[in-house]
Amino acid sequence: MYEEDLFNINALDEYKYNSVDKSWTSKYILSHYWNAVVRLLPLSMAPNLVTLVGFTAVLFNIVLIMLADQELTKPPDPFICYSCALGTWVYSTMDNIDGKQARRTNSSSALGELFDHGIDALNCSLLGFCQAYCMGMASTKFGILIVTITCLGMYISTWETYYTNVLFLGFINAPTEGLIFVSLTMAACGYYGPEIWKMTLSQLITDDLPLFLKDVALNWAWISITIFGLIFFHIPQSTYNVWKVRKAANEPMMPALVNLMPAFTSALAVYVWVNSKDSLVVKNFFVFTVIITFICGRVCTRITVAHLLKQPFPRLTVHFPLLIGAILFYIGGQMPQLSHISRDIQPAYIHSLLLYSGYSYYHFSRTVIKMFCEKLGISPFSVQKKVDSAKKTN
């Protein structure tokens, strides 16, 4: 239990969910599908249980991948690629109808938003892992890059929501168009095989491409487009939205920008560690993905709690061991007299980081969910009449 997590718990009495979704795909196409699916759910099914079903679909494919190829060195099985595509679609569907189910059952709450966004924070890296496997890029630097980019995007969205008090989804956004693209990509991997990602753009499209594009492999093109979208669309849009709110409130922008540092320093740490001499990160791709998953989940959930309880932006420290490991093993790789020590202790450090990040996430999540449930008088996975929390004493 953390003292700052208990601060201002009564802010839950004023909870109101705010979101803006400008996606035409959502408005004109998928909304009809989501409305049809949610009507199939029993009214006794809790919204958080709907969210959990989507998460389970992703976890199922993670287990499937590891059972098929623990070393992550074999070509991906087409069946698993199709399963990952379906699992991604199921997750996307459940993620979009859990709020509708909450309104159907009159059980909307701050806990629902916390649980929904917390699962999203976990799923972004896990879906990145599935994507890397299907593309034949598991246990490569490409795979690490995919996982890192997804978490970076998730952090920025969570940061934006904290300062604007609005979940903003643009005309093209990750939860809608992004997941559709990922799902279709996974299905294409099952049909064409991972070899397609090693083909150049000139082989796939036409020889009339500009010279600087002809020899670009499709995997590089895919990752470049993803990074381009993050840098030139997602980050500027989120920053602009925060700037508008800060300007309207006559508050400085710099403190908000400083709070982006944990995400960028963590991404830099991953880059440094992966590219350091004798790095074992790529070799331990699955373990490292789980570490990143726990860290991203812990950090984003902590920011969401601060947002819901109207707390100051939290002091984030769970990523510090990641930064320390990157520095230590980079230095160790640069010094010949320490290189053998670095190689010997690196596996133990990685697995210790796994235990630390996992326990930190578990302890924090369990504490906060219990705290929210006690305050709101609800259970996380059942539909029940909510107690008027304003009448409850702490």
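Read-outs: derived from the displayed coordinates by stated rules, not from any lab. Treat the numbers as computed from the prediction; the structure is a model and nothing was measured. Here Cβ is always computed from backbone atoms with ideal geometry, including for glycine, and neighbour counts include all displayed protein chains.
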**OP:** Distance between Cα centroids, the range 40-116 to the range 327-357: provide it in whole Å.
**Re:** 35 Å
**OP:** Note down the magnitude of the dipole of the chain about its Cα centre, charges +1 on Lys and Arg C-beta and -1 on Asp and Glu C-beta and zero elsewhere, to the nearest 20 debye.
**Re:** 840 debye
Subject >> Cα centroid of the range 117-143 to Cα centroid of the range 181-216, whole Å >> reply: 20 Å
Subject >> Long-range amide H partners of Leu169 with built H, under 5 Å >> reply: Val20, Asp21, Lys22
Original post:
Using θ = phi - 60° and the Karplus form 6.51 cos²θ - 1.76 cosθ + 1.60, what ³J(HN,Hα) does each residue of the range 319-329 get, whole Hz, x for Gly and Pro?
Top reply: 8, 4, x, 5, 5, 4, x, 4, 5, 4, 7
**OP:** Going by C-beta contacts inside 10 Å, put Phe171, Phe285 in order with the fewest on the left.
**Re:** Phe171, Phe285
Original post:
Based solely on its DSSP helices, what 222 nm [θ] is calculated for the chain when runs of n ≥ 4 H residues each add -39,500 (n - 2.57) and the sum is averaged over all residues, nearest 500 deg cm²/dmol?
Top reply: -21500 deg cm²/dmol
Original post:
What number, in percent, do you get for the relative contact order of the range 250-367 if the mean sequence gap of Cα pairs under 8 Å and at least 6 apart is divided by its residue count?
Top reply: 37 percent
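Which whole-number value in Å³ per residue fits the convex hull of the alpha carbons of the range 266-394?
For the range 266-394, the hull spanned by Cα atoms encloses 114 Å³ per residue.
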Original post:
Computed over the Cα atoms of the range 3-385, what is the ratio Rg over Rh, Rh following Kirkwood?
Top reply: 0.97
Subject >> Separation of the Tyr359 and Tyr17 label points, Cα + 7 Å toward Cβ, nm >> reply: 3.5 nm
Original post:
What FRET efficiency do you get for Gln334 and Leu268 if R0 is 25 Å and r is their Cβ-Cβ distance, rounded to the nearest 0.05?
Top reply: 0.90
**OP:** Return the sequence-ordered ³J(HN,Hα) values of the range 42-54 in whole Hz as given by the Karplus equation 6.51 cos²θ - 1.76 cosθ + 1.60 applied to θ = phi - 60°, using x for Gly and Pro.
**Re:** x, 5, 7, 8, 5, x, 5, 6, 4, 4, 5, 4, x
Original post:
Looking only at Phe286, Phe329, Phe60, which one moves most when the chain is put into a Gaussian network model with springs between Cα atoms under 10 Å?
Top reply: Phe60
Original post:
Hey, which of these cross-link pairs are over 20 Å Cα-Cα: Lys74/Lys141; Lys310/Lys375; Lys141/Lys277; Lys214/Lys277; Lys141/Lys283; Lys100/Lys375?
Top reply: Lys214/Lys277; Lys100/Lys375
**OP:** Determine, for His32, His117, the number of other Cβ atoms within 10 Å of each Cβ, and report the residues in order from fewest to most.
**Re:** His32, His117
Original post:
Label 7 Å along Cα→Cβ of Thr25; the range 147-188 residues with amide nitrogen under 12 Å?
Top reply: 170-185
Original post:
Can you give the extra length, in nm with one decimal, that the chain gains between Val216 and Ile327 once fully stretched, where that is 0.36 nm per residue apart less the Cα-Cα distance?
Top reply: 36.7 nm
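Estimate the FRET efficiency between Asp278 and Phe320 by the formula 1/(1 + (r/R0)^6), using the beta-carbon distance for r and 25 Å for R0, to the nearest 0.05.
0.65
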Original post:
How high is the relative contact order of the range 3-385, given as a whole-number percent (alpha carbon pairs under 8 Å, six or more residues apart)?
Top reply: 25 percent
**OP:** Please arrange Tyr28, Tyr91 by counting, for each residue, the other beta carbons lying within 10 Å of its beta carbon, fewest first.
**Re:** Tyr28, Tyr91
Original post:
aspartates and glutamates within cross-link reach of Lys16: Cα-Cα under 19 Å, excluding same-chain residues under 8 positions apart?
Top reply: Asp95, Asp98, Glu113, Asp116, Glu160, Glu374, Asp388
Subject >> Estimated FRET transfer efficiency when R0 is 30 angstrom, pair Phe171-Ser44 (beta carbons, to 0.05) >> reply: 0.25
